[in-house]
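The values are calculated or read from the model by the stated rules, or taken from the named source; none is laboratory data. Every value quoted in this text rests on a predicted model; they were computed, and no experiment measured them. Cβ atoms come from the backbone with ideal geometry, glycine included; neighbour counts cover every protein chain shown. Surface accessibility is based on the protein's heavy atoms, side chains included, excluding ligands, DNA and RNA. Shrake-Rupley method; radii C 1.70, N 1.55, O 1.52, S 1.80 Å.
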Amino acid sequence: MIRFLAGRVAFAALILLVLSTFVFFLFFVAPGDPARMVAGDKATEAQLIQIRANLGLDRPIHEQYINFIGKAVRGDLGFSYRNQQPVISLIANRLPATLSLVAGGVILWLAVGIPIGIMSARHPGGFRDRLGQGFILIGLSFPTFVLGMMSLYVFYFLPRQAGFTLFPAGGFKAFWPNPAIWAWHMALPWATLALTTAAVYARLTRGQMLEVMGEDYIRTARAKGLSETKVVFKHGLRATLTPLVTQLGADIALLLGGAIVIEQVYGLQGVGALAVQAVNNQDRPIIIGVVLLGGFFIVLSNIIVDILYVLLDPRVR
Amino acid sequence: MLEARHLSVSIPTEDGTIHAVQDVSFSVEAGGLFGIAGESGSGKSVMMQAILGLLPFADVTGEVIFEGRNLLTLPPRQLQKLRGARIGMIFQDPLSSLHPYYSIGAQITEAIHAHEKVSPQAARARAVDMLTKVGIGNAAERFDSFPHQYSGGMRQRVMIAMALVLNPPLIIADEPTTALDVTVQAQIVALLDQMRKELGTTVVMITHDLGLLSNVADQVMVMYAGNRMEFGSSAAVFHAPSHPYTAGLLASSPSNYAAGEELVAIPGRPPSLLHMPAGCAFAVRCAYAMPKCATQRPPLRRFSDGVESLCWLEAPVEPIHAERAAVSGRNADATAPVVLKVDNVELSFATGGFFSKAGKYEVLKGIDIELRRGETLGLVGESGCGKSTLARVIAGLIPATSGSVLLDGKDMATLDHAGWKEMRKRVQLVFQDPFGSLNPRRRVGAIIGDPFRLHQVASGADRKWRVQDLMETVGLNPEHYNRFPSEFSGGQRQRIGIARALALNPALIIFDEPVSALDVSIQAQVLNLMRSLQQELGLTYLFISHDLAVVRQVCDRIAVMNKGKIVELAEAEAIYTDPQNDYTRTLLAASVVPPPQKGRGTRQLVETIWGAPA
Ligand SMILES: Nc1ncnc2c1ncn2[C@@H]1O[C@H](COP(=O)(O)OP(=O)(O)OP(=O)(O)O)[C@@H](O)[C@H]1O
Ligand code: SF4
Ligand SMILES: [Mg+2]
């Protein structure tokens, strides 16, 4: 187990190294002069040379690369071209909003998607199945953006016109000191995120459950005289956990790297919003930082999923 | 104990409704062993599962009385309480019937907790106790193991322990031994029998193994296409079957024959259950069929010895053995040229990986065999003994680690490319699984024509003509040239495999369990085909099987293999009458053989029930 883990971590580090190398060279060959972005249009040639020297941009490329990697390993991703703040602290400021969004969203979409999937699979072809399939179809075909706009209209705009505030229009409030305010602000983003993603999980659960419930060991469980609840949840659902965990790992990792659409719609100052601003501003250190953060979450979730596999499936132990 | 009246089960599917069980009645006596026999797909499993409410989508009608209550109208919760506690069930496939993610112990104690309020410690103690009883060594330590850490035989024991742990008065065992080796089979059957005697349990045993049933069952019921064809005491039914189907099944069993005799096979194959025939379900395959059989449902005949038969015949059938084909002589000729010589062949695989210590796993430990033209050599042994590996070595698919394989006197190891290609023509393999070994997306004509194409022997119209000729030879309709494998039955698919093997006039055909996936009646057809081809074409066979009765029937000489070694090699008859090796004796003792039919004795027709048969 230890060796397995060490191997996975080493592999993850390698992936991140390759990723950083890739983004570094990608931005090095990209057009545009960083010094001009930092100094603005009115800078003189002397100022530009000074800035290049400060940023180390006048050094040969391999030196710049070694410098970049060396700092990155120590957690220093450089400074924003725009406001000269450390990239790391910029990202750290944005993480709470993204984390809040993802944490609540995950709980909500699992709580909605899995039961719908199970209900559908328990009565294939029946009324409840068609209901579940309808949900899946709607959830999958609605763009997040449209759903977000619609819920803002219904839950914020209409009540405001009627003269009261049902939900805020958006913005992020810290968890502390008042969790209720935090949750109130997060409610619409959560619901929007959860509804579309729940459809994916309902479909996955339905497919897996349909297959598992036809397995011989489910028949054995029934023949033992177990209650239907036990048969479905303890024996059926248990066997579908592995694919669910795989999907969940990938989804969480992607979202932690920035839930761009939802953060934009609800004005949440999260990592996704940061990324959008950075792209608009051509602020390369931040873009690199966000890309690396996303890569970090993906390799981390891969390691966690691998560990969960081992815990979940005795056959691979 | 358990009484079913006019039980019918139909299952709606996409293709239409499957009438899996049609109007079946039976009663199981307390303390007895009630056997249900019949070919694959005859509805045995469906019937018992429907009784216990395990087929949620099936449409079940009739009455099933157990402990004074009709199981079919019982509310689901009450039925659930009966399952496990009052009626235990053992399933067909021990490999897939245990949950892969829970430990053996947890799965057994779960059954206890479902019905009784006991502490986890008490449940564990009982489960360990039961596991010990069914023959799991140091059960306390193996309690927390997972199913994949148990062998097939052990898993079947676990299933039995699970069914017995609540000491239910009735146990339904669905093919409890089919997936297992003969020696393990014998142990499991003995175990069930012992439990039955110790605990007074009533057992309903489903199996297609007639030899097994004749030895252990008190009463038997023979099913065909969802119908109860014959019912009676085991002794009466097996000694003198009254229904043509039962008689046909017994006649198809190789163990009822002397070595080398032509089997009397039932022609054709079981009907589709999608349409209920107007008359007798067996009519198209029945040797005694009368015109009215095809149009009118047969009545139930009851005989003086209690045997009941669903048939138009008023008298029991004549024993089919009276009309046996003459014994055809052995093919072996001691002076014929040697086709294959396997000399001290060893094979080992490297085990262990990059980091762990490298080891060596020996599969074959010095094998010597010789095969002469026109001869059939049988290779028997339990699963995992290396039979199929040896077949692959002989076919040149895996090189031997040491030793030599000589085909027509040429050493395989020294062949150049052209020689190797030639050798691939000379040795052909036919595999066990007639469903998995044919590409489902290719037409049968193309599959059989493959050898011609690969070896550039024939093409175009010539190839088609030769393929159709081959189809004719193996008893397939040449007009089915353009069909896909899925449109053929198991037996027909095995014929396709044989036709493909025959294409290039091979010197040697290796059959790896060619009939073990087939039902007795179909198996007999394939075995007869193999024999007649051998005689016509002078073929040489290496016949691998775990079924001793089959091997004895078709082979001139038999090699018994155990743990990578040939422990005994002798004339077929000699192996059976005078085994020299302990392992051979164990194998023989484990295989059960149905008793010979003795003729109908003094059986009289006492009653005929018209209309809806009981
Ligand atoms: N769940 C199901 N849905 C649809 N058809 C089914 C189902 N289970 C079984 N059948 C069909 O019912 C018929 C009877 O099957 P059953 O399993 O009872 O046969 P069996 O006599 O037990 O055969 P075997 O010896 O192979 O176990 C077959 O035609 C089978 O294809
Ligand atoms: S009813 Fe006719 S076809 Fe059916 S088994 Fe009897 S004789 Fe044969
Ligand atoms: Mg069955």
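At-a-glance table
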item	result
Any hit, the range B:454-464, residues being under 26 Å from B:I522 (Cα atoms), of a type in the set (S, T, N, Q) and at pLDDT below 90	no
Which listed residue is at pLDDT below 90 and basic (K, R), from B:R124, B:R83, B:R155	B:R155
Residue list for the range B:224-239, filter: of a type in the set (A, V, I, L, M), under 30 Å from B:M195 (Cβ atoms) and buried (at least 24 other Cβ atoms within 10 Å of the Cβ)	B:M229, B:V237
Members of the range A:143-175 found to be in a loop (DSSP other than H, G, I, E, B) and exposed (fewer than 13 other Cβ atoms within 10 Å of the Cβ), listed by number	A:P143, A:G163, A:F164, A:T165, A:G171
Neighbours by Cβ (under 7 Å, 6+ apart or cross-chain): first from the range B:35-49, closer than 14 Å to B:L213 by Cα and more than 14 Å from chain A (Cβ to nearest Cβ); second assigned to a loop (DSSP other than H, G, I, E, B) and within 16 Å of ligand 2 (Cβ to nearest atom)	B:E39/B:P270
Selection within the range A:222-242 - facing chain B (nearest Cβ under 7 Å) and open to solvent by less than 20 Å² (accessible area, probe 1.4 Å)	A:A223, A:K224, A:G225, A:L226, A:H235, A:A239
Index of the failed condition, B:R124 passing every other in (1) open to solvent by 40 Å² or more (accessible area, probe 1.4 Å); (2) within 14 Å of chain A (Cβ to nearest Cβ)	(2)
Test: residue in the range B:281-300 that is open to solvent by 40 Å² or more (accessible area, probe 1.4 Å), away from ligand 2 (no atom under 12 Å from the Cβ) and closer than 18 Å to B:W610 by Cα	no
Condition broken by B:S242, with the remaining ones in (1) touching a residue at least 60 places away in the same chain (Cβ under 8 Å); (2) within 16 Å of ligand 2 (Cβ to nearest atom); (3) surrounded by fewer than 22 Cβ atoms within 10 Å (Cβ to Cβ) satisfied	(3)
All positions within the range A:222-271 that are in contact (Cβ under 8 Å) with a residue 12 or more places away in the chain, closer than 30 Å to B:E116 by Cβ and among the aliphatic types (A, V, I, L, M)	A:V231, A:V232, A:L237, A:A239, A:L241
Matching residues, the range B:83-99, being more than 7 Å from chain A (Cβ to nearest Cβ), in contact with a Phe, Trp or Tyr (Cβ under 9 Å, 6 or more places away or on another chain) and surrounded by fewer than 24 Cβ atoms within 10 Å (Cβ to Cβ)	B:R86
Residue check, B:A251 in contact (Cβ under 8 Å) with a residue 60 or more places away in the chain, farther than 28 Å from B:E29 by Cα and either open to solvent by less than 10 Å² (accessible area, probe 1.4 Å) or more than 21 Å from the chain's Cα centre (by Cα) (or both)	yes
Residue within the range B:300-308 that is in contact with a Ser or Thr (Cβ under 9 Å, 6 or more places away or on another chain), at pLDDT 75 or above, outside the structural domain of B:V520 (by TED's automatic domain parsing) and closer than 24 Å to B:L542 by Cα present	no
Residue ranges of strands (runs of 3 or more DSSP E) in the range B:1-51 with at least 2 members more than 8 Å from ligand 1 (Cβ to nearest atom) and at pLDDT below 90	B:16-28
Tally, over the range B:301-314, of residues that are more than 11 Å from ligand 2 (Cβ to nearest atom) and open to solvent by 20 Å² or more (accessible area, probe 1.4 Å)	5
Condition check for B:L54: crowded, with 20+ Cβ neighbours inside 10 Å, within 14 Å of chain A (Cβ to nearest Cβ) and closer than 28 Å to A:A239 by Cα	yes
Within the range A:185-290, helices (runs of 4 or more DSSP H) holding 2 or more residues that are under 19 Å from the mean Cα position of the chain (by Cα), assigned by TED's automatic domain parsing to the domain that holds A:L140 and under 27 Å from A:A72 (Cβ atoms)	A:238-256, A:260-265, A:271-281
Residue list for the range B:207-222, filter: open to solvent by 20 Å² or more (accessible area, probe 1.4 Å) and within 16 Å of ligand 3 (Cβ to nearest atom)	B:H208, B:D209
Test: B:V189 is under 30 Å from B:E513 (Cα atoms) and either open to solvent by less than 10 Å² (accessible area, probe 1.4 Å) or within 16 Å of ligand 1 (Cβ to nearest atom) (or both)	no
Residue that is nearest to the other protein chains (Cβ to nearest Cβ) [pool: residues in the range B:101-119 that are part of a loop (DSSP other than H, G, I, E, B) and over 22 Å from B:I188 (Cα atoms)]	B:Y101
Residue under evaluation B:L74, criteria (1) surrounded by fewer than 20 Cβ atoms within 10 Å (Cβ to Cβ); (2) at the interface with chain A (Cβ under 8 Å from one of its Cβ atoms), criterion not met	(2)
Filter result for B:S42 (out of contact with any helix residue (DSSP H, G or I) (no Cβ under 9 Å at 6 or more places or on another chain), within 16 Å of ligand 2 (Cβ to nearest atom) and open to solvent by less than 20 Å² (accessible area, probe 1.4 Å))	yes
Residue that is within 27 Å of A:P314 (Cα to Cα), open to solvent by less than 10 Å² (accessible area, probe 1.4 Å) and within 14 Å of chain A (Cβ to nearest Cβ), where the choices are B:V134, B:V158, B:V204	B:V158
